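The values are calculated or read from the model by the stated rules, or taken from the named source; none is laboratory data. What you are looking at is a predicted structure, and each value in this text was computed from that prediction instead of being measured. Don't worry about glycine lacking a Cβ; one is built from the backbone with ideal geometry, like all the others, and counts go over all protein chains shown. For the accessible areas, the whole protein counts, side chains as well, though only heavy atoms, and no ligand, DNA or RNA atoms are used. Shrake-Rupley method; radii C 1.70, N 1.55, O 1.52, S 1.80 Å.
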Amino acid sequence: MNYQEYGNKNKDVIILLHGGGLSWWNYREEAEMLQDKYHVILPILDGHAGSDRHFTSIEDNAEEIIRFIDENLGGKVLMMGGLSLGGQVLLEILSRRDDICNFAIVESAMVIPSKLTRALIGPAFGISYGLIKQRWFSRLQFRSLHMRADLFEDYYRDTCGIRRKDLIAFLRANTSYNLKASIGKCSAKINIYIGQRENLGIKKSAQKICGAVQDASLNILPKMHHGEFSINHAAEYVREIEHLWR
């Protein structure tokens, strides 16, 4: 797994895990804002542009990050955050190592599997994959994601860099992930964020996470869609991070 790093390596560590189909730039602004006070690490999840291996599973990504923390960061960090697929990887990490961080932000993570959606991914993206490199098609997809306009070139470049096999693999994993019972042993304070305009599956997933973890809080963001918080509102996201330990 490859990593982008910001700040002084002698400071408290924050790890942020990007959403599916994106890359480390999902959290670039947050990292730039935090780098004077913290050591910020942005892993590039497997199968995404800039990664060093194909995507296999959420569980394998979680294990890679745990190994990185053990080998390079003394086995524990201050805080971890993750969006969507990154949020699922984070939940898997917390279910495997209950004391790996003190605080966590889980944004828009699905933990209720959808067999129908998973079954449709292969045929749908098998047909449409060739269109991804067409700028007009990519712009349509980009607009549907409600991201800031200035991120389009990052989005277009990196979606073009995702292989068909990896795209289908991580989308299937995203729609199949089930929250592990061991998450209930997590000692980190978990803050869950979802947009008011998220789909029902994400809303139910947030409630499920809250029900499974003793020290968890749910925050519903008015008028926001999936992923808007970390992608479009970096300053607010950073304020929430720093508020966690005040």
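Pairs K37/K223; K133/K223; K11/K189: which exceed 22 Å Cα-Cα? Working shown, then result.
Numbers: K37/K223 31 Å; K133/K223 31 Å; K11/K189 20 Å.
The answer is K37/K223; K133/K223.
Please say if the stretch 187-246 is rounded, prolate or oblate, where rounded means a/c under 1.5 for a ≥ b ≥ c the square roots of the C-alpha gyration tensor eigenvalues, and otherwise the choice is prolate for a/b larger than b/c and oblate otherwise? Oblate, since a/c reaches 1.5 and b/c is not below a/b. Over the chain, calculate the relative contact order: mean separation of alpha carbon pairs under 8 Å at least 6 apart, over the residue count, as a percent. After rounding, I find 22 percent.
Within the listed set N199, N178, N61, the residue fluctuating most in the Gaussian network model of the chain (springs between alpha-carbon atoms under 10 angstrom) is N199. For I105, which sequence-distant residues (separation of 5 or more, or a different chain) have an amide H within less than 5 Å of its own amide H, given hydrogens modelled in the peptide plane? Amide H neighbours of I105: M80, G81, G82, N191.
Heavy-atom accessible surface of the chain, averaged per residue, reaches 45 Å², computed with a 1.4 Å probe.
Rounded to the nearest 20 debye, the dipole size of the stretch 101-246 about its Cα centre is 600 debye, using +1 on the Cβ of Lys and Arg and -1 on the Cβ of Asp and Glu. Karplus-based coupling profile of the stretch 114-122, in residue order and whole Hz: 10, 5, 5, 4, 4, 5, 7, 4, x, with θ = phi - 60° in 6.51 cos²θ - 1.76 cosθ + 1.60 and x standing for Gly or Pro.
For the chain, take the longest principal axis of its alpha carbons; what is the angle in degrees between that and the long axis of helix 234-243, to the nearest 10 within 0 to 90? Value to nearest ten degrees: 30.
Each label point was placed 7 Å from the Cα along the Cα-to-Cβ direction; for R143 and S128 their separation is 1.5 nm. Beta bridges from DSSP with both residues in the chain: antiparallel share about 15 percent, rounded to the nearest 5.
Q196 to D60: extension gain in nm, 0.36 nm per residue of separation minus the Cα-Cα distance?
Length gained between Q196 and D60: 45.8 nm.
For the stretch 1-136, the alpha-carbon radius of gyration amounts to 1.11 times the rule-of-thumb value 2.2 N^0.38 Å expected for a compact globular protein. Extending 7 Å from Cα along the Cβ direction at N2 and again at S182 yields two label points whose distance is 3.0 nm. Could you work out how far helix 135-144 tilts from the main Cα principal axis of the chain, as a 0 to 90 degree angle to the nearest 10? Tilt relative to the chain: about 50 degrees. The separation of the stretch 47-93 from the stretch 145-162, counted between C-alpha centres, amounts to 22 Å. Heavy-atom accessible area of H39 with all protein chains present, probe 1.4 Å, nearest 10 Å²? Accessible surface of H39 is approximately 10 Å². Within the accessible area of the chain, what % is carbon and sulfur when the probe is 1.4 Å and the other protein chains stay in place? Exposed carbon and sulfur together represent 50 percent of the surface.
Please state the shape class of the chain: rounded when a/c is under 1.5, otherwise prolate if a/b exceeds b/c and oblate if not, all from the C-alpha gyration tensor.
rounded
Think of each Lys and Arg Cβ as +1 and each Asp and Glu Cβ as -1; about the Cα centre, that makes the dipole of the chain roughly 900 debye.
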